[in-house]
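I have a structure I would like to understand better, so I am pasting it below and will then ask my questions one at a time.
The values are calculated or read from the model by the stated rules, or taken from the named source; none is laboratory data. Fair warning: this is a prediction, and the values are worked out from it, not measured in the lab. Cβ: placed from backbone, ideal geometry, glycine included. Neighbour counts: every protein chain shown. The area values use the complete protein model at the heavy-atom level, side chains included, leaving out ligands, DNA and RNA. Shrake-Rupley method; radii C 1.70, N 1.55, O 1.52, S 1.80 Å.
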Amino acid sequence: MLLNYLCFMTKTEIKDARLQDAPVIRELALKIWPAAYGKILSTGQIEYMLNKYYSVEAICDQMTTLNYRFIILFDDAPGGFACYNKEKEGTHKLQKLYVDPEKQGAGYGKTLITEVMKRAVEEGSKELILNVNRFNKARYFYEKLGFNIIDEVDLEIGNGYLMEDYIMRKELTTQ
């Protein structure tokens, strides 16, 4: 039975996103965000954040102005993405990590974050930090991977909306 399953699996591939990939990232976000946040954020806040942070223009701006690096995971089709940057000397920050709801639980999130951690170590970082909504079940995913809550923050993002986040940290090793 396992052999039959393995025969139908496709090759998972991670590629660096380019400006031309911004529409792919936007389409993934439009599919993923309502599933990820529908029970913890209002529809208005989800729409506001998608328009503010996930328009094609905003994604391109993040890639160029903020020097965010996006990676996209492919199986048979785009299945998720991550975004990270060097925050300061010795520290990288995971800005975004999202997996298509239909593909969650298959190891794609772990594959993406493992790639981010590998790249951060290669670039000299000793830690990876991230923000996660305090009510998002993804917090437990990060804890399983060795991240610890180090602080909490409330960030005003405009239009009367607030991001209520935990700041999490994981020490990186060179192994």
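Within the stretch 122-163, restricting attention to residues that are of a type in the set (A, V, I, L, M) and in contact (Cβ under 8 Å) with a residue 60 or more places away in the chain, which residue is nearest to L94 (Cα to Cα)?
That would be A138.
Here is a follow-up. Can you confirm whether A106 is within 28 Å of R134 (Cβ to Cβ), among the small types (G, A, S) and assigned to a helix (DSSP H, G or I)?
No; evaluated as a whole, the condition is false for this residue.
Still on this structure, I have one more. Condition first: modelled with pLDDT under 95 and of a type in the set (A, V, I, L, M, F, W, C). Can you find one or more residues in the stretch 116-138 that meet it?
Checked against the condition, which is being modelled with pLDDT under 95 and of a type in the set (A, V, I, L, M, F, W, C), the stretch 116-138 yields no hits at all.
Collect the residues in the stretch 9-34 that are under 20 Å from I113 (Cα atoms), touching a helix residue (DSSP H, G or I) at 6+ places or on another chain (Cβ under 6 Å) and open to solvent by 50 Å² or more (accessible area, probe 1.4 Å), keeping them in residue-number order.
R26
A follow-up question, please. Looking for whichever is open to solvent by less than 90 Å² (accessible area, probe 1.4 Å) and either modelled with pLDDT under 95 or hydroxyl-bearing (S, T, Y) (or both) here; the options are Y48, Y5. Which one fits?
From the options Y48, Y5, the qualifying one is Y48.
Yes/no per residue for (1) touching a Leu at 6+ places or on another chain (Cβ under 7 Å); (2) closer than 29 Å to G44 by Cβ:
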{"residue": "E87", "(1), (2)": "no, no"}
{"residue": "E122", "(1), (2)": "no, no"}
{"residue": "E127", "(1), (2)": "yes, no"}
{"residue": "E143", "(1), (2)": "no, no"}
{"residue": "G158", "(1), (2)": "no, yes"}
{"residue": "Y166", "(1), (2)": "no, yes"}
